[in-house]
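*Asks:* Once you've had a glance at the structure underneath, I'll fire off some questions.
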Amino acid sequence: MDVPFVSFTAQNERVAEESKAVFARFFDSQYYVLGNMTKQFEEDYARFNQVKHAVGISNGLDALHLALKVLGVGPGDEVIVPSNTYIATNLAVEMAGATPVFAEPDMRTYNISPAQIRNVISPKTKAIMPVHLYGQACEMDEIMSIAKEASLFVVEDNAQGHAASFNGKQTGSFGHVNATSFYPTKNVGAYGEAGAITTDSDEWAQLSKVWRNYGSEKRYHNMYKGYNNRIDELQAGLLSVKLKYIAEWTADRKRIGDRYLRNLAGTDGLVLPYTHPEASHVYHLFVVRCDRRDELQSWLDQNGVKTVIHYPIPPHLQEAYKSSGFKKGDYPMAEMLAETSLSLPLFPGISDDQVDHVSDLVQKFFKP
Ligand SMILES: Cc1ncc(COP(=O)(O)O)c(C=O)c1O
């Protein structure tokens, strides 16, 4: 039995008719940029994410960058980011002209550790960017109180956390200005590039709209040297359709995650995902860990099961950061995660048989 790492078949089938109707409406409208579909999606997503405003942006990286920009984060400022994030988080800080400062994760949840955040706050720190990694909400209550004590902004990177929550409050609704991605494989996935900013502030929402559109509020009048970071009108329309099904697909992800957890419980040598008691985990990724990770990946591959490593090299050891002078050993937790993590197939539509087959193969690897 072959098991792909991800498949869109089940989701696509569910939305096919409605999506084709959206395309026809879009095509006939002759209004292709920042039209009614964008407006509607922004209302839909704000309601979904339980915030006052959502602003459609070109992609997740641009949304993170603009979130920092509207908060006035720039050269001379430091922004605390997890040492084990996808590189987009710290690249957004660099794009804003500020300096990313890495804080190590909690080794049970893999999310940025509040204690480590406290350790790296300096007089230059302007913001904290927690990432709800793999779909588990960060410890947001503590992060928000650290930020309040130190007068810092919080920008949540909610690219992997759609519909996750901490103490019942949704990720993407805690920080001052937050950002998310609708990259196709995300839990809310577009059919191309898209992202959004979420905030409860009227002022920051309006500023985001200005910055994304060449720094202009009134046509051909430019208040700032802005960007073209507009969301694609068609993607916005298609995302509004998908949003109707996210609750169902999130429940699917949780059910599949729980099935893996039951199947694999007690497997000697394998570390399973752990969820903080106050957090919810929406299993954007189901990440297991073991010392013989590369062998496990090859074994699964030989047996037709595709897996992915998220992420094989932590940001500080990337070629792109060579000139920053980081070296191996600087962030040992992030490095250990990079050496031992493996993501198993999990997507809405994967069958119980497929999950059980992957689980059997994993168990056979450890106990041939
Ligand atoms: C944690 C995280 N932040 C930011 C991004 C950037 O999103 P995008 O690819 O839409 O620019 C991604 C995904 O790619 C991500 O996983």
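The values are calculated or read from the model by the stated rules, or taken from the named source; none is laboratory data. Everything numeric in this text was worked out from a predicted model, so none of it was measured. Virtual Cβ from ideal backbone geometry, glycine too; neighbours counted across all protein chains shown.
*Asks:* Could you check the stretch 60-72 and list, in sequence order, the residues that are more than 14 Å from the ligand (Cβ to nearest atom) and in contact with a helix residue (DSSP H, G or I) (Cβ under 8 Å, 6 or more places away or on another chain)?
*Replies:* Answer for the stretch 60-72, where residues must be more than 14 Å from the ligand (Cβ to nearest atom) and in contact with a helix residue (DSSP H, G or I) (Cβ under 8 Å, 6 or more places away or on another chain): Lys69, Val70, Leu71.
*Asks:* Determine if the stretch 250-263 includes at least one residue that is buried (at least 20 other Cβ atoms within 10 Å of the Cβ), within 24 Å of Val22 (Cβ to Cβ) and among the aromatic types (Phe, Trp, Tyr).
*Replies:* Looking through the stretch 250-263, none of the residues is buried (at least 20 other Cβ atoms within 10 Å of the Cβ), within 24 Å of Val22 (Cβ to Cβ) and among the aromatic types (Phe, Trp, Tyr).
*Asks:* Sticking with this structure for a sec: Using the structure shown, decide if Leu346 is in contact with a Leu (Cβ under 8 Å, 6 or more places away or on another chain), crowded, with 19+ Cβ neighbours inside 10 Å and part of a loop (DSSP other than H, G, I, E, B).
*Replies:* Taking the combined requirement at face value, the residue satisfies it.
*Asks:* Let me ask you something else. For the stretch 1-22, what are the residues that are assigned to a helix (DSSP H, G or I) and surrounded by 14 or more Cβ atoms within 10 Å (Cβ to Cβ)?
*Replies:* Step one: list which residues in the stretch 1-22 are assigned to a helix (DSSP H, G or I), which gives 9-22.
Selection gives Ala10, Gln11, Arg14, Val15, Glu18, Ser19, Val22.
*Asks:* Kindly check whether there is at least one residue in the stretch 256-272 that is at pLDDT 95 or above, assigned to a loop (DSSP other than H, G, I, E, B) and touching a strand residue (DSSP E or B) at 6+ places or on another chain (Cβ under 7 Å).
*Replies:* At the first step, the residues of the stretch 256-272 found to be at pLDDT 95 or above are 256-272.
If we keep only those that are assigned to a loop (DSSP other than H, G, I, E, B) as well, we get 265-270, 272.
Among the residues that remain, those that are also touching a strand residue (DSSP E or B) at 6+ places or on another chain (Cβ under 7 Å) are: 270, 272.
Yes, the stretch 256-272 contains at least one residue that is at pLDDT 95 or above, assigned to a loop (DSSP other than H, G, I, E, B) and touching a strand residue (DSSP E or B) at 6+ places or on another chain (Cβ under 7 Å).
*Asks:* Against the condition away from the ligand (no atom under 15 Å from the Cβ), among the basic types (Lys, Arg), within 19 Å of Val51 (Cα to Cα) and more than 9 Å from the chain's Cα centre (by Cα), how does Lys169 come out, does it pass?
*Replies:* Values: away from the ligand (no atom under 15 Å from the Cβ): yes; among the basic types (Lys, Arg): yes; within 19 Å of Val51 (Cα to Cα): yes; more than 9 Å from the chain's Cα centre (by Cα): yes.
When the stated conditions are applied, Lys169 passes them.
*Asks:* Just checking, does the stretch 141-160 include any residue being assigned to a strand (DSSP E or B), in contact with a Phe, Trp or Tyr (Cβ under 8 Å, 6 or more places away or on another chain), within 16 Å of the ligand (Cβ to nearest atom) and over 28 Å from Glu233 (Cα atoms)?
*Replies:* Step one: list which residues in the stretch 141-160 are assigned to a strand (DSSP E or B), which gives 153-154, 157.
Pick out the ones that are also in contact with a Phe, Trp or Tyr (Cβ under 8 Å, 6 or more places away or on another chain) and you get 154.
Now narrow it down to the ones that are within 16 Å of the ligand (Cβ to nearest atom): 154.
Still in the running and over 28 Å from Glu233 (Cα atoms): 154.
Yes - at least one qualifying residue is present in the stretch 141-160.
*Asks:* Right, another one. Among all residue pairs at least 6 apart or on different chains, which show Cβ distances below 8 Å where the first residue, located in the stretch 123-141, is touching a residue at least 24 places away in the same chain (Cβ under 8 Å) and the second is part of a helix (DSSP H, G or I) and within 12 Å of the ligand (Cβ to nearest atom)?
*Replies:* Met129/Leu64; Met129/Thr89; Met129/Ala92; Met129/Val93; Val131/Thr89
*Asks:* Considering only residues of the stretch 75-89 that are near the ligand (Cβ under 8 Å from one of its atoms) and not aliphatic (A, V, I, L, M), which is surrounded by the fewest Cβ atoms within 10 Å (Cβ to Cβ)?
*Replies:* It comes out as Tyr86.
*Asks:* Being assigned to a loop (DSSP other than H, G, I, E, B) and modelled with pLDDT of 95 or more narrows it down to one of Thr180, Thr185, Thr198, so name that one.
*Replies:* Exactly one of Thr180, Thr185, Thr198 is assigned to a loop (DSSP other than H, G, I, E, B) and modelled with pLDDT of 95 or more, namely Thr185.
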